[in-house]
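Student: Pasting a structure here, questions to come.
Bear in mind that the values in this text are calculations on the coordinates, not laboratory data. Only a predicted model underlies this, so the values are computations on that prediction, with no experimental measurement involved. No Cβ is skipped: glycine too gets one built from the backbone with ideal geometry, and neighbour counts run over all protein chains shown.
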């Protein structure tokens, strides 16, 4: 997309960023990993699913399959809180 900030692209008259859960980076200057860390820290659920905010057409079926695999394996990718 030519170096554009994709989060501000519009879908249905609304910027994609307005459709995302936002949390301020707790660790600055590390790019997308800072956002993932902030999201994990802010999450109140036992498990979270991350996708880039500029993926508005991510299918429900794909997300459901990921949740199914997560549950079937009885675990998690990692737990940063120890």
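Student: Suppose only helical runs count, i.e. DSSP H with n ≥ 4. What mean residue ellipticity at 222 nm does that imply for the chain under -39500 (n - 2.57) per run, divided by all residues and rounded to the nearest 500 deg cm²/dmol? Write out the running numbers ahead of the final one.
Tutor: Numbers: 2 runs with 24 residues, N = 82.
-9000 deg cm²/dmol, from helical runs alone.
Student: For the chain, set up a Gaussian network in which alpha carbons nearer than 10 Å are linked by springs, and say which option among 72, 43, 23 fluctuates the most.
Tutor: Top of the fluctuation ranking is 72.
Student: Which value, in Å to one decimal place, does the Kirkwood hydrodynamic radius take for the chain when every pair of different Cα atoms is included?
Tutor: Kirkwood hydrodynamic radius for the chain: 14.7 Å.
Student: In a Gaussian network model over the chain where Cα atoms closer than 10 Å are linked, find which of 70, 57, 49 has the largest mean-square fluctuation.
Tutor: Result for the chain, Cα springs under 10 Å: 57 fluctuates most.
Student: To the nearest 10 degrees, how steep is helix 32-42 against the longest Cα principal axis of the chain, on a 0 to 90 scale?
Tutor: The angle comes out at about 60 degrees.
Student: To the nearest 10 degrees, how steep is helix 60-72 against the longest Cα principal axis of the chain, on a 0 to 90 scale?
Tutor: Once rounded, one gets 20 degrees.
Student: Take each of the peptides 10-16, 30-36, average the number of other beta-carbon atoms within 10 Å over its residues, and list them starting from the highest.
Tutor: For the peptides 10-16, 30-36, the packing ranking is 30-36, 10-16.
Student: Between residue 70 and residue 30, what is the spin-label point distance in nm, taking each point 7 Å from the Cα along the Cα→C-beta axis?
Tutor: In this crude label model, residue 70 to residue 30 measures out at 2.1 nm.
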